[in-house]
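Notes follow the structure.
Taken together, the values in this text are just the output of simple stated rules run on the coordinates, not laboratory data. Here the structure is a predicted model, which means the values were calculated and not measured. Cβ placement follows ideal geometry from the backbone for every residue including glycine, while neighbour counts extend to all protein chains displayed.
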């Protein structure tokens, strides 16, 4: 009897520990379709993670006018490319194959910064915590070139160029095309069989969610043929939600690297390694997240490591973020708090 009583008490304690966290309650399809219509979003993909496992995925709407979106629709996910690159890199660090703090000039120096001595201090840590000193894209700089605006590691400035810089270093170090490095260390182990960096002969255009503007007009399809480490990844909601679950499960990450990943790396307390961090939320929860925005594309992944939950949302519309915020507010107990912190 004492043993049974002990088990019951233990189960009660476990139940109480997790009762503070609510399930992620995605609205009914009828509600989602109404919201999509209100926000003028043609297609929506939703992935949910609970207890560190994928609990559901679904796709609603149309790839383009008159073409229903299948459950394995392929979305271009914009900057959700970056976490795939960054987690591949952190796995390499965990395996002892890459060093977070080794200067990248040992493997790559962009010709446009070769005469600037700051390039010899640039590291992977700077890149994946957005402290390179680069603007987002070099063509946005007043010089039109890749330029250091500050000493690496001293300030925070979001940069896709940093990821491209890291890509070249990885390619030179491993003597493999970038997409092969990611496939070997992340896509294949995680069974992300429907994820690609560019349009190849295996790309199924009939499943592609065409990007749309604010008036729900389709945008031209751009068939890129070279991989980017920062943008333009194409994937399914099933693949990417599985990827998110594997992040929560610390797959192929050692404890030290995972601890670094969820620790603020910058003075502004904005980024860990590869993720934006929000700490001190209700119930002492914290968030690792990333969003994406390209013409006609809005996406987000939100992971809650303490309660082992997560949500992934893809849209093929310039209006997508307003819909995403609406769904987060309705589905997640911390949704409104996360939206407020993300402003």
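Points worth noting:
- Three semi-axes describe the equivalent ellipsoid of the stretch 139-285; taken as square roots of 5 times the Cα gyration tensor eigenvalues and ordered largest first, they are 27, 23, 19 Å.
- Compactness index (Cα Rg / 2.2 N^0.38 Å), the stretch 195-276: 1.45
- Most mobile listed residue (180, 252, 86) in the chain, GNM with C-alpha springs under 10 Å: 180
- Each of 142, 188 has some number of other Cβ atoms within 10 Å of its Cβ, and from fewest to most they run 142, 188.
- Viscosity 0.890 mPa s, temperature 25 °C, Stokes-Einstein D of the stretch 25-341 from Kirkwood C-alpha radius, µm²/s: 123
- Subtracting the Cα-Cα distance of residue 259 and residue 155 from their residue separation scaled by 0.36 nm leaves 35.3 nm.
- Residues in the stretch 212-256 that a label on residue 193 would reach, taking backbone N under 15 Å of a point 7 Å out along Cα→Cβ: 236-240, 242
- The stretch 73-87-the stretch 23-40 distance, computed between alpha-carbon centres (Å): 23
- Distance between the stretch 209-238 and the stretch 239-254 - C-alpha centres, whole angstrom: 24
- Counted residue by residue at 0.36 nm each, then reduced by the alpha carbon distance between them, the extension gain from residue 221 to residue 200 reaches 6.2 nm.
- FRET efficiency for the residue 121 to residue 95 pair, using the beta carbon distance and R₀ = 22 Å, is estimated at 0.30.
- Averaged over residues, the count of other Cβ atoms within 10 Å places the peptides 125-131, 32-38, 241-247 in the sequence 125-131, 241-247, 32-38, highest first.
- Residue order, fewest to most surrounding Cβ atoms within 10 angstrom, among 201, 217: 201, 217
- Fully extended contour minus Cα-Cα distance, from residue 107 to residue 71, at 0.36 nm per residue: 8.8 nm
- Overall form of the stretch 129-214 per C-alpha gyration tensor (a/c, 1.5; a/b vs b/c): oblate
- Modelled this way, with points 7 Å down the Cα-to-C-beta line, the labels at residue 284 and residue 141 are 4.5 nm from one another.
- Remark: 225, 85 ranked as 225, 85, counting other beta-carbon atoms within 10 Å and listing the fewest first.
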